[in-house]
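Let me begin by presenting the structure, written as structure tokens, before commenting on it.
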Amino acid sequence: MNNIILTLFINFLKIGLFSIGGGYAIIPFIQEEVVNSHNWLSLQEYTDIITISQMTPGPLVVNTASFVGIRIAGILGAITATVGSILSGFIISIALYNFFKKHKDIDSISNILKGLRSSSIGLIGSAASTIILLAFFGTPSLDIKEMSVNITAILVFILALFLLRKYKLNPILIMILSGIVGLFFY
């Protein structure tokens, strides 16, 4: 048990180390650690945890760490994974704040930040495409043989997008309505 607790801490410390700037860009990295490397969760379980993490208050990485930790090693696992995910970001944030405060007028620092923003968009796109493929076609790959179209998921997505953009409905209401649709159609 101590080995799994230590492994959870180290892996979420590493995840936290690279998740500065937002949780969505780190979703593929968490998937690599939790699903592919350690086989702690199936891809479907991981996608469900990401979905739940987005619905609960707090940062995505912290929520995901809590859910994965509790699933793998109970309350102690949740606490350990959560602390691991927060610790490095906390320390780095303080250091970066002091650095950028001191060097805010240097052009090369500004250019580095522009490059980091651009790569974040690619990481977020990768995570979104995995979730879309899994939700709409039942597979995270682009293999036509494995795909089965989920018309209900596509219709719920289109309706939710329309209601959000056209009528500016509260996203929480959209999530509740989508959950109700899922309850009756799945």
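For the reader, a short list of remarks on this structure follows.
- Heavy-atom surface of the chain, accessible at 1.4 Å and reported per residue (Å²): 63 Å²
- Remark: the range 2-102 projects, on average over all directions, an area of 6.2 nm² (convex hull of Cα atoms).
- Tilt relative to the chain, helix 60-102 - C-alpha long axis, 0 to 90 degrees, to 10: 50 degrees
- 0 to 90° range, to nearest 10: angle between helix 171-185 axis and the chain longest Cα axis: 40 degrees
- Low-density loop positions, trypsin sites (Lys or Arg not before Pro), the range 96-141 - DSSP coil, at most 15 other Cβ in 10 Å: Lys104
- Residue among Ile75, Ile158, Ile26 with the largest mean-square fluctuation in a Gaussian network model of the chain, springs linking Cα atoms under 10 Å: Ile158
- Applying a DSSP loop filter and a limit of 16 other Cβ atoms within 10 Å to the chymotrypsin sites (Phe, Trp or Tyr not before Pro) in the range 16-99 leaves Phe18.
- Accessible area per residue was computed with a 1.4 Å probe on protein heavy atoms; Asp105 scores about 130 Å².
- Accessible surface of the range 87-135, 1.4 Å probe, proportion on carbon and sulfur as whole %: 70 percent
- Percentage relative contact order, the chain, counting C-alpha pairs under 8 Å, at least six apart: 21 percent
The values are calculated or read from the model by the stated rules, or taken from the named source; none is laboratory data. Note that the structure is a prediction, hence the values are computed from the model and not measured. Counting neighbours? That spans all protein chains shown, and the Cβs are built from the backbone with ideal geometry, glycine included. Accessible surface is based on the protein model in full, side chains and every heavy atom, while ligands, DNA and RNA are left aside. Shrake-Rupley method; radii C 1.70, N 1.55, O 1.52, S 1.80 Å.
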